[in-house]
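Sending over a structure as structure tokens; questions will come in a sec.
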Amino acid sequence: MTHKQKIFLLALAAALPMVGIWFFEPISQDKGYHGFADGRGFLGVPKFMDVVSNIGFVVVGVLGMWRLGKPGGAGRFHDPREVWVWRVIFLGVALTGLGSGYYHLEANNQTLVWDRLPMTLVTTPIFAALVCERISVRGGLALLGPLVLAGVGSVIYWGWSEAGGRGDLRPYALAQYLPLLLVPLVLGLFAARYTRASGFLWAVGWYALAKLGEELDGGIFALGGMVSGHTLKHLLAAVALYGLLRMLETRRMLVN
């Protein structure tokens, strides 16, 4: 398969969900979404475990920005400009911790906006980072701004639609899941320029476990009443993101 054919296949794989989702009815926010299993407070902090478990995001985000910002921090990239995509990602990780913690203090649609906005600074730039690494640095950097704007716009659109009584999560679902679903395709189609490329797949795997924990929130909490599935979601997602940081720190550049 030629390079142009691979690009066409990737573009087609991205375009089909972006077009197809509009053939479905608008997806409104589940009214029971904010009813998390662990409502215990501690030290005056409501829903303590769901709030403080976001510290992992803040730690990983700050650690990532610090390590990539050190002198020589861009030395692990073929092109030093690639580091800017990862700085956006780890900034988004830190802000996600703050936004999610704020949301869980008083969970409702209005505070949920501040949880979801920074998450789009993580999910959408990951695709731009992969484009930089596997296809074109120039192309990945060109995609970074539009992808981030699309992600942020999807949350703003959802908030506006919910306020108008006709909530629609379709654009946000695309912004959150489509970049991650395209990761295996990019890894399979385009040659690696670094070792430890499987780090991306491990991160997707850990994030899938985190989402499973979210879905089994009450069931996990019922097992012993110690920790809920949603708290585990925060911790597992932070592990996934730390794995990406370790990948960046320990990989080696391949001759291309």
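Give the order of TRP160, TRP22, TRP84, TRP202 when sorted by the count of other beta carbons within 10 angstrom, beginning with the fewest.
Least to most surrounded, the residues fall as TRP22, TRP160, TRP202, TRP84.
Also, I was wondering about something else. Given a cut-off of under 8 Å on Cα pairs at least six residues apart, what relative contact order in percent is computed for the chain?
Relative contact order here is 22 percent.
Give me ILE135, ILE156, ILE126 ranked fewest to most by other Cβ atoms within 10 Å of their Cβ, as a rough exposure proxy.
Fewest-to-most ranking of ILE135, ILE156, ILE126: ILE156, ILE135, ILE126.
Lys/Arg Cβ at +1, Asp/Glu Cβ at -1, dipole of segment 46-250 taken about the Cα centre: which of SER154, GLY224, PRO80 is farthest positive-ward?
The residue sitting most towards the positive pole is PRO80.
Rounded to the nearest 500, what is the chain's calculated 222 nm mean residue ellipticity when only DSSP H runs of at least 4 contribute -39500 (n - 2.57) each, over all residues?
-24000 deg cm²/dmol
Please give, to one decimal in nm, the separation of the simple spin-label points placed at TRP66 and MET226, each 7 Å out from Cα toward the Cβ.
3.0 nm
A follow-up question, please. Using r as the Cβ-Cβ distance of MET1 and ILE27, and R0 as 22 Å, what FRET efficiency do you calculate, to the nearest 0.05?
The value I calculate is 0.05.
Cα gyration tensor of segment 87-232, axes a ≥ b ≥ c as square roots of the eigenvalues: rounded (a/c below 1.5), prolate (a/b > b/c) or oblate?
Cα axes put segment 87-232 in the oblate bin.
Next up: What's the FRET efficiency of VAL52 with LEU209 using the Cβ-Cβ distance as r and R₀ = 22 Å, to the nearest 0.05?
Efficiency for this residue pair is about 0.60.
Right, next: Most exposed first by the Cβ proxy, i.e. fewest other Cβ within 10 Å, how do ASP79, ASP115 rank?
In order of increasing Cβ crowding within 10 Å: ASP79, ASP115.
Next up: What full-extension length gain, to one decimal in nm, is calculated for ASN109 and ALA191 as 0.36 nm per residue of separation minus the Cα-Cα distance?
This chain segment gains 25.3 nm when fully extended.
Oh, and also: Please state the charge dipole magnitude for the chain, taken about the Cα centre, from unit charges on C-beta atoms (+1 on K and R, -1 on D and E), reported in debye and rounded to the nearest 20.
Computed about the Cα centre, the dipole is about 1080 debye.
Build a GNM of the chain with springs between Cα atoms under 10 Å: which of GLY92, GLY219, GLY165 gets the top mean-square fluctuation?
Per the Cα network of the chain with a 10 Å cutoff, GLY165 tops the list.
Computed from the coordinates by the stated procedures, all read-outs in this text should not be read as laboratory data. Quick caveat, the model's predicted, so the values are computed rather than measured. Please note: Cβ atoms are built from the backbone with ideal geometry, for glycine as well, and neighbour counts cover all protein chains shown.
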